[in-house]
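The structure appears right after this line, and notes come after that.
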Amino acid sequence: MKSITVRGVGILAVAFLVFGILAGAVFADSLVFGNITYSRRDIWTNYSILAFEYIADQMGVETIVLDPEGDMERAMAAMEDLITRGVDGINVFTITPELSATMIEMANDAGIPITIENSLPAEYAENYISCVACQYDDIGYAAGAYISETYPGAKLFYVMGAPGMGITELYEEGLDKALEEYGTIELISTQPTDWGAEQAMNVTQNAIQAGLEFDVIFANNEQMATGVINALEDAGLLGEIPIIATGGGPHGLELIEQGLLDASITAPVSLQGLITFKNLYEYVVHGIEPPLFIPLPVIPISQENLDEAISWEITDENYELALEIIGGIQK
């Protein structure tokens, strides 16, 4: 009887050990990743989320995307919701660097891995997997360099995005650096907006009505460029004043093809969504630690090199190419 009891205990121990290993194992098809956006109404944000969702579906990972529409209190509530649900990983699209740092701390306290995208968190943030983002100062610099080389002697009107996100300030820093280095352009006015077409149209209309004299406009994204185009068209100035934007989205490339937008300093936000998912997935499943910061490429696109633009939209047709560009993903 004693030997049988000992053997029975041994069998139970092995059974519990095996069960423990299986319970602790990470199965990709049972993973759930949360994603807190900035606002899906923002084209740039939405294309990144679409890419994240697409690759998650390919990898058998469930996604919970919560959209606070740029509201910080709603973003905090979304974070609390994902923690309560016990998701396996969280990605946060930066609203402010300080808010991202707070969310990182919350995720750490809950023991949930977290990635950040689109802008670095505050410098004091610790213990996040990675941040994938444009080097916004590099984009601003590239815009300033392009304008300086293409329109020397021009007066520049800068239709800026929303201050306070950390992003806009970097754009401006890079732009100012290029304009100072080249010394061929005079920046005569900078007007902030909410990143949308309507406010961009309004500030451009106001500048025209106030008699502001400018020869070229830098709009902080292609959505805003649409508003600028409308304002110039209403004033009978469309085609006379070049417009430079940033992004490289489908609408922006179409505007370039139509000759309504002269150039865009592009960054493929689709890759941002793909790389962000890759970083979170490979960390959760395989314990792979990526570089803490991964920048996106910056490519000035005009009609002359339109065929070099990388699509923002991930489809069945270009998924394998996009996957190759990001170096694949370990399943």
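The values are calculated or read from the model by the stated rules, or taken from the named source; none is laboratory data. Keep in mind that this is a model prediction, so the values were computed, not measured. Here the Cβ is made from the backbone with ideal geometry for all residues, glycine too, and neighbour counts use every protein chain on show.
Remarks
- Residue among Asn91, Asn118 that is buried (at least 20 other Cβ atoms within 10 Å of the Cβ), out of contact with any Cys (no Cβ under 7 Å at 6 or more places or on another chain) and within 21 Å of Pro163 (Cβ to Cβ): Asn118
- Odd one out for Glu257, checked against (1) in a helix (DSSP H, G or I); (2) exposed (fewer than 15 other Cβ atoms within 10 Å of the Cβ); (3) in contact with a Ser or Thr (Cβ under 8 Å, 6 or more places away or on another chain): (3)
- Residue list for region 163-204, filter: modelled with pLDDT of 95 or more, outside any helix (DSSP H, G or I) and surrounded by fewer than 20 Cβ atoms within 10 Å (Cβ to Cβ): Gly183, Thr184, Glu186, Leu187, Ile188, Ser189, Thr190, Gln191, Pro192
- Single residue of Thr184, Thr204, Thr115, Thr193 found to be on the phi < 0 side of the Ramachandran plot and in contact (Cβ under 8 Å) with a residue 60 or more places away in the chain: Thr115
- Residues in region 134-162 that are out of contact with any helix residue (DSSP H, G or I) (no Cβ under 7 Å at 6 or more places or on another chain) and at pLDDT below 95 were compared, and the one that is farthest from Glu222 (Cα to Cα) is Gln135.
- Out of Phe218, Phe277, sole residue that is of a type outside the set (Gly, Ala, Ser), under 24 Å from Tyr38 (Cα atoms), in the same structural domain as Val32 (by TED's automatic domain parsing) and surrounded by 18 or more Cβ atoms within 10 Å (Cβ to Cβ): Phe277
- All of (1) of a type outside the set (Val, Ile, Thr); (2) out of contact with any helix residue (DSSP H, G or I) (no Cβ under 8 Å at 6 or more places or on another chain); (3) surrounded by fewer than 22 Cβ atoms within 10 Å (Cβ to Cβ) hold for Glu62 with one exception: (2).
- Taken over region 37-59, the criterion of being surrounded by fewer than 24 Cβ atoms within 10 Å (Cβ to Cβ) and outside any helix (DSSP H, G or I) is satisfied by Ser39, Arg40, Arg41, Asp42, Met59.
- Qualifying residues in region 299-317 (those that are at pLDDT 90 or above and part of a loop (DSSP other than H, G, I, E, B)) - the one farthest from Tyr283 (Cα to Cα): Ser302
- Comparison of Asp29, Asp42, Asp88 shows that the only residue that is more than 27 Å from Gly252 (Cα to Cα), at pLDDT below 95 and acidic (Asp, Glu) is Asp29.
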